[in-house]
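Working notes for the structure below.
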Amino acid sequence: MAGGDAPVPMAEAIRRGMADCSPAERKVARVLLSSYPSAGFETVAKLAARAGVSGPTVLRFANRLGYRGFPDFQQALRDDLDERSASPIDLQARHRSEGGPASGLERAASIMGETLVRTFDGLVPGEFERAVDLLCTPRNRVLVSGGRFSGLLARLLAQHLQLVRPGVTALPEHDAGRIEAVAGLRRGDVVVLFDYRRYEEPTRRLAAAARERRASVILLTDAWLSPIASDADVVLPSETDSPSAAFDAMTPVLAIVEALIAECAERLGTAASARMREVEEAGRELGLY
């Protein structure tokens, strides 16, 4: 996992690699993800003690991910953090220094096509199905929230889910509405959060509040993984390569959102059809359709 033409971000590599690890190595992975990235910069002895394993187990885990040793693993983690915190200005400067080819429709089509393929190839089927299960359980109230840009996609998901089932709310932007929404959270509710690099503290706090109230958390994030990932019930990461020099791609996120909408409508079946008829009738009654 340490090499390749399209390196996998460290947190995602750890998460994916857990399936091939021994039980002891999985303990190391869980500690790394639960305190990412700080745990990765501890000494082998301290990390082993936190995970309740031996030092050689930590080294075997680093080797399993493709690194020659723990210092190699830590250097890759430093490089990964530079990518994880990159700003639009950083990305644009890097693009200029690389002297990339002139943009155009063919270039955009090629990049976005590859990004979409890698996004869907990287999704764990069980995670996607778990998200659909949570979203389609009628007794589960669903609260959806995004960030500065991803909020647009959060609202799109919420509006479509509202058409196929009741009990779905897009988190309001004003503080009073957010406070009321969090205060009303209870066990069994589902909170869907969108959080992408230059991760947003208000979203992290919302995730913490949801976990405190024993609500389930579905996280849509990038391949570097939001800090929320370690506590989320479901993580749906997407690739970020785009034709833009400065901005990460949101098209893969939209594709995941549309896949969730389609599967939820299919899963809910006649209940979704009945709900859509109710919405249509209400719209006509109010003169909106």
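What's the total number of residues in region 132-190 that are of a type in the set (Asp, Glu) and either in contact with a strand residue (DSSP E or B) (Cβ under 6 Å, 6 or more places away or on another chain) or farther than 25 Å from LEU268 by Cα (or both)?
Counting residues in region 132-190 that are of a type in the set (Asp, Glu) and either in contact with a strand residue (DSSP E or B) (Cβ under 6 Å, 6 or more places away or on another chain) or farther than 25 Å from LEU268 by Cα (or both) gives 3.
Given the conditions (1) out of contact with any Phe, Trp or Tyr (no Cβ under 8 Å at 6 or more places or on another chain); (2) over 23 Å from VAL168 (Cβ atoms); (3) of a type in the set (Asp, Glu), and given that ASP248 satisfies all but one, which numbered condition is not satisfied?
(1)
Kindly provide the set of residues from region 68-110 that are modelled with pLDDT of 70 or more and not in a helix (DSSP H, G or I), ordered by number.
ARG68, GLY69, GLY104 - these are the residues of region 68-110 that are modelled with pLDDT of 70 or more and not in a helix (DSSP H, G or I).
Taking only region 257-275 into account, find how many residues are more than 29 Å from the chain's Cα centre (by Cα) and open to solvent by 60 Å² or more (accessible area, probe 1.4 Å). If you could, list the steps in order and put the result at the bottom.
Narrowing region 257-275 to residues more than 29 Å from the chain's Cα centre (by Cα): 270, 273-274.
Okay, now just the ones that are also open to solvent by 60 Å² or more (accessible area, probe 1.4 Å), so 270.
Final tally of qualifying residues: 1.
Considering only region 49-67, state which residues are in a helix (DSSP H, G or I) and farther than 16 Å from ALA39 by Cβ. Please lay out each step first, then the result.
Kept after step one, since they are in a helix (DSSP H, G or I), are these residues of region 49-67: 49-51, 55-64.
Result: PRO56, ARG60, ASN63, ARG64.
Give me the pairs, please: first residue somewhere in region 165-178 and more than 15 Å from ALA154 (Cα to Cα) and in contact (Cβ under 8 Å) with a residue 24 or more places away in the chain, second residue anywhere and among the small types (Gly, Ala, Ser) and open to solvent by less than 60 Å² (accessible area, probe 1.4 Å), beta-carbon distance under 8 Å, and either six or more positions apart or on two chains.
Pairs that qualify, where the first residue is more than 15 Å from ALA154 (Cα to Cα) and in contact (Cβ under 8 Å) with a residue 24 or more places away in the chain and the partner is among the small types (Gly, Ala, Ser) and open to solvent by less than 60 Å² (accessible area, probe 1.4 Å), are ARG165/ALA271; ARG165/ALA272.
Conditions (1) at pLDDT 90 or above; (2) closer than 16 Å to ARG130 by Cβ, marked per residue:
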| position | (1), (2) |
| --- | --- |
| TYR196 | yes, no |
| ARG205 | yes, no |
| ALA209 | yes, no |
| THR221 | yes, yes |
| PRO227 | no, no |
| ASP233 | yes, yes |
| THR240 | no, no |
| THR251 | yes, no |
| THR270 | yes, no |
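Going by the structure shown, is ALA158 open to solvent by less than 10 Å² (accessible area, probe 1.4 Å), aliphatic (A, V, I, L, M) and farther than 26 Å from ARG15 by Cα? Before you say what the answer is, go through the steps one by one.
Numbers: open to solvent by less than 10 Å² (accessible area, probe 1.4 Å): yes; aliphatic (A, V, I, L, M): yes; farther than 26 Å from ARG15 by Cα: yes.
So ALA158 fits the description; yes.
For LEU153, state whether it is open to solvent by less than 40 Å² (accessible area, probe 1.4 Å), assigned to a helix (DSSP H, G or I) and in contact (Cβ under 8 Å) with a residue 12 or more places away in the chain.
yes
Can you tell me which condition ALA62 does not meet? The list is (1) open to solvent by less than 30 Å² (accessible area, probe 1.4 Å); (2) at pLDDT below 90; (3) more than 21 Å from the chain's Cα centre (by Cα), and all the others hold.
(2)
Report every pair of residues separated by at least 6 positions or lying on different chains whose Cβ atoms are under 6 Å apart, first residue within region 2-18 and within 13 Å of ASP222 (Cβ to Cβ) and assigned to a loop (DSSP other than H, G, I, E, B), second open to solvent by less than 50 Å² (accessible area, probe 1.4 Å) and at pLDDT 50 or above.
Listed pairs, sorted by first residue: PRO9/ASP80; PRO9/ALA223; PRO9/TRP224.
Name the single residue that is surrounded by the most Cβ atoms within 10 Å (Cβ to Cβ) among those in region 120-137 being modelled with pLDDT under 90 and part of a loop (DSSP other than H, G, I, E, B).
LEU123
The values are calculated or read from the model by the stated rules, or taken from the named source; none is laboratory data. The structure presented is a predicted model; accordingly, all values stated were derived computationally and were not measured. Reconstructed Cβ throughout: ideal geometry from the backbone, glycine too, with neighbour counts over all protein chains shown. For the accessible areas, the whole protein counts, side chains as well, though only heavy atoms, and no ligand, DNA or RNA atoms are used. Shrake-Rupley method; radii C 1.70, N 1.55, O 1.52, S 1.80 Å.
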